[in-house]
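Presented below is the structure to which this report refers.
The values are calculated or read from the model by the stated rules, or taken from the named source; none is laboratory data. Being a predicted model, the structure only gives us computed values, none of them experimental. Don't worry about glycine lacking a Cβ; one is built from the backbone with ideal geometry, like all the others, and counts go over all protein chains shown.
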Amino acid sequence: MAESVTVLTDELLSGLEKEPFVLLHTIDADNGFPTSSAISWICAVNRATLRLVIDGRSRLRVNMTSNPAVSVTVFAPGTVQTIYGTARLVTDALEDVPFKLSCYDIEIASIRDAMFYGARLSARPEYEKTYDKRAADKLDGQVFAAMKKA
């Protein structure tokens, strides 16, 4: 049986740099089914805690309030890892950001390899923003600066 991992490795820290594409999994408050949402406003506070930001109007807020058990799928160099933990609201509205964004910390309970046996991730998922690049860069800068202060 593999040893239980409860803190971020160097590989996972690397996978969480520079607006990564990750999947946040919550339990829907109404129907109890698992949900998955792609997010990029996420970073490591330290090796035991992740911090993420979501739109203040997001259904994810309701889900995490109803059931704080979450998981985050990270596409790290060469592999896919799932981080399990408990979400806790840090602030309802980040300061110095032009619209209401909610900030959450995830206390890491365990980390598991989610890549199927005998395979290696050959490329990490990439995405492109479909709105004004200058506006996106400005907003991302504001969000990540506010996340660090929260």
message: As an exercise: evaluate GLU95 against (1) at pLDDT 95 or above; (2) farther than 28 Å from GLU128 by Cβ and give the number of the one condition it does not meet.
response: (1)
- request: Would you tally the residues in the range 1-19 being in a loop (DSSP other than H, G, I, E, B), more than 12 Å from the chain's Cα centre (by Cα) and of a type in the set (A, V, I, L, M)?
  value: 4
- prompt: How about the range 48-67: which of its residues are closer than 19 Å to VAL143 by Cα, small (Gly, Ala, Ser) and within 15 Å of the chain's Cα centre (by Cα)?
  reply: SER58
Members of the range 20-39 that are surrounded by 14 or more Cβ atoms within 10 Å (Cβ to Cβ), part of a loop (DSSP other than H, G, I, E, B) and out of contact with any Cys (no Cβ under 9 Å at 6 or more places or on another chain): PHE21, ASP28, ALA29
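Name the one entry in SER110, SER4, SER40 that is of a type in the set (Gly, Ala, Ser) and either within 24 Å of ASP140 (Cα to Cα) or free of Cβ contacts under 8 Å to residues at least 12 places away in the same chain (or both). Walk me through how you get there before you give the answer.
Working: SER110 fails: either within 24 Å of ASP140 (Cα to Cα) or free of Cβ contacts under 8 Å to residues at least 12 places away in the same chain (or both); SER4 fails: either within 24 Å of ASP140 (Cα to Cα) or free of Cβ contacts under 8 Å to residues at least 12 places away in the same chain (or both).
Exactly one of SER110, SER4, SER40 is of a type in the set (Gly, Ala, Ser) and either within 24 Å of ASP140 (Cα to Cα) or free of Cβ contacts under 8 Å to residues at least 12 places away in the same chain (or both), namely SER40.
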task: Count, please, the residues in the range 54-101 that happen to be of a type in the set (Phe, Trp, Tyr) and surrounded by 16 or more Cβ atoms within 10 Å (Cβ to Cβ).
output: 2
- prompt: Is at least one residue of the range 86-99 of a type in the set (Lys, Arg) and in contact with a strand residue (DSSP E or B) (Cβ under 9 Å, 6 or more places away or on another chain)?
  reply: yes
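Only one of these is acidic (Asp, Glu) and out of contact with any Ser or Thr (no Cβ under 7 Å at 6 or more places or on another chain): ASP96, ASP92, ASP105, ASP113. Name it. Full working, then the answer.
Values: ASP92 fails: out of contact with any Ser or Thr (no Cβ under 7 Å at 6 or more places or on another chain); ASP105 fails: out of contact with any Ser or Thr (no Cβ under 7 Å at 6 or more places or on another chain); ASP113 fails: out of contact with any Ser or Thr (no Cβ under 7 Å at 6 or more places or on another chain).
None of the other options fit; the residue is ASP96.
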query: Given (1) surrounded by 12 or more Cβ atoms within 10 Å (Cβ to Cβ); (2) free of Cβ contacts under 8 Å to residues at least 12 places away in the same chain; (3) within 18 Å of LEU16 (Cβ to Cβ), where does ARG51 come up short, assuming only one miss?
result: (2)
Meets criteria (at pLDDT 90 or above and closer than 23 Å to GLU126 by Cβ) for SER66: no
statement: Counting only residues that are touching a residue at least 40 places away in the same chain (Cβ under 8 Å) and closer than 27 Å to SER71 by Cβ, the range 123-144 contains a total of 8
